[in-house]
C-alpha cells in the first residue's frame, strides 16, 4: 500500500523584495531577494494558472509569446522557484504570481472571506446580468510604455516595460525597466483589482477624493506589505537606528521606476522627498494642503501620509519602553550600530503595528458608502470597523488615526466633532428610534416605540427566513458567488414588496421609493417608482465583546439620477414627466445610496453607512455637477472632462479604462 503524504500548506517562491535596481547596490543587494510562502494550490497549471490568477505572457509589441513557467516542476519546488532574473520571462511570471497571491492573502485574512474579482456585467434584453470572474488575468509584458494598470473592462492587469531615460548613478541609460518586477507596482495593481471587486462604483469620480482614494489605498497596501518581510525590516531598522521617521526603503514605492524616469528617487515616498537642493527631507503634516491639492496622485499621497503617520505614532508609543531600557532612561542612543537584540525587538513591534494598521485599513472597505467615497468617510470606516471587530480594545489605535487625519486636515462630512462615538456609523436601532420619535414628537427612548420596534424587526426577520448562506474560507468561490448573487434580487423584492414598514427602512437607509414629488430625472421603473440597485450582498466576519466570531451580511444599495452640466437645463428636465425622459441619458449620472451591515441571526441592523443626501438632494447634485464640469479647480485631473476631450479620450473609455489614463506617466 503506497504511503500517503498530505500536500504542503504553502509554496515557497523567490522574488525581488523591491525591484532589480537594488540588487546591484552593495548596501541593499543582500536584502533584495527573499522567499515568499504563499498558499499551496494543488491544481496549479503552467502559466501559472490557479484559482485566482491566470498569467498570460504574450508581448503584442514584438509578437512574442513566452513559454509558461511550471511551478510544479520538481527542480523548482526543491529550489523555491526560479532565481530572480531581469532577463528570464519565466521568473517575471513567477514574480507577479507570488506577489499577487500574497496581496490576496492579506485581504482574505482581514475580511474573513474568499476574494472576488469584479463581475462582468452584460445586458440581455432589458435586463442586466452578472457573470462570475474566477481568475484575474495578468500580462507581464503587455505594453511597451512607462505604465502598468488594472483594466476593469478586461478584468486584467497589464504591465509595461520601457528603456530607462535617466542619466544618474542609479540607472544605466537604455536599461529595460520591467514594471512586472517591481513588488510595489504588482501589489498596487492587484489592490486596484481587489478594491474593484468590492466597490465597482469607486471607478466613477464624483468628488476629488474618489480616484485619489483608489490610488492611496493601493499604495497603503503595497507599503505595509514591506513590513511583513523580516529580513528587510531588520535591515532598515538597523540602518535607521530604530527611527522609522527618517528616510528608508520601508516608506518608499517603486524605486527603479522613479529613478529610470528621471525623478532621482522612488516614485512615491510616504514620509518626504527631495528638496530643491536634492537632499531628502521629511514632510510635515499640513492641515491646509488638502484644500490646495486636487490631482489624484498628489491628493492620494496625503491620505497615505496620514495613514503612515498613524502607524509611526503607534510604533513610537509601543517602542518607547525599549528605547528607555536600551539607553538607561535617557532616550538617546549611543553612537554606532544598535544592538542586534534591540533590532530584533524593534522589528517585531514594527511588524505587529504595521500588520494591525494594514488589517484596519482593509477591513474598513466594508464600512464605506457604495459611491462618492471621501477621505473622511474612510476615517469613519476605519474607526467603526475596528470598534466592531475589537470592541474591548482600549482605543489607542483609533485615537491615533483620528489625531493623524486631523493633522493632515482630513475631516468627515456631517459630523459635529471627532469623538470616537460620533465618528462611528450609526446602528439601525439608533436611526429607527430617532425616526419614530421625531414622527410622534416625543423623546427618543420612551415606551411608545417598543411595539413599533418589535414590528420593524419582525418585518426584517421575514427576509432572512430561508435565505441564510453557509460558507467559509475553504468554500468553492464559484459556489459562494452563486449562493450570494440571488440575494441581491431578494433584497430588492423585500424593499419593494413589503408592508408599510418598508418606507421606514427606506428612510433610515436614505432611499427614495415613493415616486410622487420626486424630480423626473430620477430613474424609475415602468410603474413610475424610483429604481433601486442592490449591487452587492456579501458576508464579512465580526467579533463579539466576548471574542467569538460570527458572520454578518453587507448589502450595498444605490439609486441614480440624470445630471446636466447646465443648471437651468437641470431644472427644466426635473420638471418634465418620467415618460418624457425615458430615452434621455443626461450628461452624467448622479448616484446616492447606502451600505448596510446586518446580523442574520438576530436580524439586527448593525451599521448604516449613507451617502450625504438622497437621490433627490439638489445640493449634493450641484456639488457633483461642479466637480464633473471642472469648476472645482481640479488642475491636472486626467478625469476632468475638458482635459480628457483635449486628449481625444471619450467618456466611454474613461468609464471602461480609468486606470490606464491615471497611471500614464507624464514625463
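The values are calculated or read from the model by the stated rules, or taken from the named source; none is laboratory data. Note that the structure is a prediction, hence the values are computed from the model and not measured. As a convention, Cβ positions derive from the backbone with ideal geometry for all residues, glycine included, and neighbour counts pool all protein chains shown.
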Residue check for residue 312: surrounded by fewer than 23 Cβ atoms within 10 Å (Cβ to Cβ), under 30 Å from residue 208 (Cα atoms) and in contact (Cβ under 8 Å) with a residue 60 or more places away in the chain: yes
Among residues of the range 557-571, those that are surrounded by 12 or more Cβ atoms within 10 Å (Cβ to Cβ), over 30 Å from residue 607 (Cα atoms) and without any contact (Cβ under 8 Å) to a residue 60 or more places away in the chain, counted: 5
Members of the range 106-145 found to be crowded, with 18+ Cβ neighbours inside 10 Å and assigned to a helix (DSSP H, G or I), listed by number: 106, 107, 110, 111
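Considering only the range 185-205, how many residues are more than 21 Å from residue 147 (Cβ to Cβ) and in a helix (DSSP H, G or I)?
The initial filter retains those residues of the range 185-205 that are more than 21 Å from residue 147 (Cβ to Cβ), namely 197-201, 204.
If we keep only those that are in a helix (DSSP H, G or I) as well, we get 197-198, 200-201.
Count: 4.
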Subset of the range 527-580 (residues that are modelled with pLDDT under 85 and either part of a loop (DSSP other than H, G, I, E, B) or outside the structural domain of residue 613 (by TED's automatic domain parsing) (or both)): 527, 544, 545, 546, 547, 548
Test for residue 377: is it in contact with a strand residue (DSSP E or B) (Cβ under 9 Å, 6 or more places away or on another chain), part of a helix (DSSP H, G or I), under 23 Å from residue 597 (Cα atoms) and not assigned by TED's automatic domain parsing to the domain that holds residue 554: yes
3 or more residues touching a residue at least 60 places away in the same chain (Cβ under 8 Å) and under 24 Å from residue 186 (Cα atoms): qualifying helices (runs of 4 or more DSSP H) within the range 211-306: 230-239, 255-260
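From the list 37, 85, pick out the single residue that is out of contact with any helix residue (DSSP H, G or I) (no Cβ under 6 Å at 6 or more places or on another chain) and either in contact (Cβ under 8 Å) with a residue 60 or more places away in the chain or under 22 Å from residue 225 (Cα atoms) (or both). Spell out how you get there, then give the answer.
On the way: 85 fails: out of contact with any helix residue (DSSP H, G or I) (no Cβ under 6 Å at 6 or more places or on another chain).
Of the residues listed, the single one that is out of contact with any helix residue (DSSP H, G or I) (no Cβ under 6 Å at 6 or more places or on another chain) and either in contact (Cβ under 8 Å) with a residue 60 or more places away in the chain or under 22 Å from residue 225 (Cα atoms) (or both) is 37.
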Which listed residue is farther than 30 Å from residue 361 by Cβ and surrounded by fewer than 17 Cβ atoms within 10 Å (Cβ to Cβ), from 83, 76: 83
Hey, residue 613 in contact with a helix residue (DSSP H, G or I) (Cβ under 6 Å, 6 or more places away or on another chain), within 23 Å of residue 491 (Cβ to Cβ) and at pLDDT 85 or above or not: yes
Checklist (1) modelled with pLDDT under 90; (2) in a loop (DSSP other than H, G, I, E, B); (3) within 33 Å of the chain's Cα centre (by Cα) applied to residue 443, failing item: (3)
Residues of the range 50-63 classified as farther than 17 Å from residue 8 by Cβ and touching a helix residue (DSSP H, G or I) at 6+ places or on another chain (Cβ under 9 Å), total: 5
Candidates 585, 623, 591 - the one that is assigned to a helix (DSSP H, G or I) and either modelled with pLDDT under 60 or closer than 23 Å to residue 532 by Cα (or both): 623
Test set (1) surrounded by fewer than 20 Cβ atoms within 10 Å (Cβ to Cβ); (2) in contact (Cβ under 8 Å) with a residue 24 or more places away in the chain; (3) closer than 26 Å to residue 145 by Cα - residue 9 fails condition number: (3)
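Residues checked against (1) under 15 Å from residue 99 (Cα atoms); (2) touching a strand residue (DSSP E or B) at 6+ places or on another chain (Cβ under 8 Å):
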| site | (1), (2) |
| --- | --- |
| 155 | no, yes |
| 185 | yes, yes |
| 226 | yes, no |
| 236 | no, no |
| 250 | no, no |
Count of the range 41-73 residues which are surrounded by 13 or more Cβ atoms within 10 Å (Cβ to Cβ) and within 30 Å of residue 476 (Cα to Cα): 22
Answer from 326, 270, 254, 305 - the residue that is in contact with a helix residue (DSSP H, G or I) (Cβ under 8 Å, 6 or more places away or on another chain) and closer than 30 Å to residue 370 by Cβ: 270
Any hit, the range 454-463, residues being at pLDDT 90 or above, assigned by TED's automatic domain parsing to the domain that holds residue 582 and surrounded by 19 or more Cβ atoms within 10 Å (Cβ to Cβ): no
Given (1) over 21 Å from the mean Cα position of the chain (by Cα); (2) surrounded by fewer than 18 Cβ atoms within 10 Å (Cβ to Cβ), index of the condition residue 413 fails: (1)
Number of positions in the range 378-398 that are in contact (Cβ under 8 Å) with a residue 40 or more places away in the chain and surrounded by 23 or more Cβ atoms within 10 Å (Cβ to Cβ): 6
From 422, 343, 374, residue being farther than 17 Å from residue 110 by Cα and modelled with pLDDT of 95 or more: 374
